[in-house]
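Report on the structure given below.
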């Protein structure tokens, strides 16, 4: 099988305490390049990433989690990635499992792989997931599975891998710059018919790991449900949305 170029992207913000540990867990020899996009951190994230020899893209102004991912994916495409893995550099997800995210895509079984934090309730809570986050995750995932006709255990994981075609097709530039970017992206992927697989991934909630608060979580949930409404209207041919229009080809290799 011909070599597939694998690029890891890390959307980073104030990750000086965890980025090196995350990097050290990525299996050697699997990844061709690691791109860190720093979203105007106020700590030593950039300095540490550069010391590790990673490719560093710097935002001089904070553009938000979704905006950070947009930069990540633009650069990964421009750098010739065949498979793109998003790993949060906050050490919340176990990057040692990256091979099992990449291999099913490389072998053609799936277009997208997700690292699910929800194998059992006991494991998720033992890993430090706040109870309100667990409950909201279960509620939103249940609703999404019903509306989207899927059987995914964790729609809201931040550990993901994509085949290049996914990023060339999904108009992610039209997505939110906020946290709901992740929900929009998976709903778009289902609308475009991409195949989604998942593996269980242990998760660590700790003070150094980034996590949105209750208020932001509530807003995220409401916006996720609103995106589902848009999907239903689109599927019923009642209204068109930019979210569900294929990405323009000439934009695929543009870096801004």
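FYI, it's all coordinate maths here, none of it is from the lab. Bear in mind that the values here come from a model prediction, so they are computed numbers and not experimental data. Every residue, glycine as well, gets a Cβ built from its backbone with ideal geometry; the counts of neighbours run over all protein chains shown.
Points worth noting:
- The residues 131, 228, 30, when put in order of fewest to most other Cβ atoms within 10 Å, stand as 131, 30, 228.
- Extended-chain gain in nm, criterion 0.36 nm per residue less alpha-carbon gap, residue 3 and residue 151: 50.2 nm
- Pairwise label distance in nanometres, residue 99 with residue 215, each label 7 Å out on the Cα-Cβ vector: 4.5
- Annotation: for a label point projected 7 angstrom from Cα along Cα→Cβ of residue 25, residues of the range 88-121 with backbone N closer than 11 Å are 88-98.
- Convex hull projection area averaged over all views, the range 1-153, Cα basis, nm²: 10.3
- Residue exposure sequence - 83, 135 - by fewest surrounding Cβ within 10 Å: 135, 83
- Extension gain for residue 192-residue 60 works out to 44.1 nm (0.36 nm per residue, less the C-alpha to C-alpha distance).
- Ranked list, fewest to most other Cβ atoms within 10 Å of each Cβ, for 129, 10, 86: 129, 86, 10
- Over the range 169-249, the Kirkwood radius and the radius of gyration, each from Cα atoms, give a ratio Rg/Rh of 1.03.
- Scaled radius of gyration (Cα, divided by 2.2 N^0.38 Å) that the chain gives: 0.95
- For the range 57-104, the direction-averaged projected area of the alpha-carbon convex hull comes to 4.2 nm².
- What separates the Cα centres of the range 41-88 and the range 232-246 is a distance of 30 Å.
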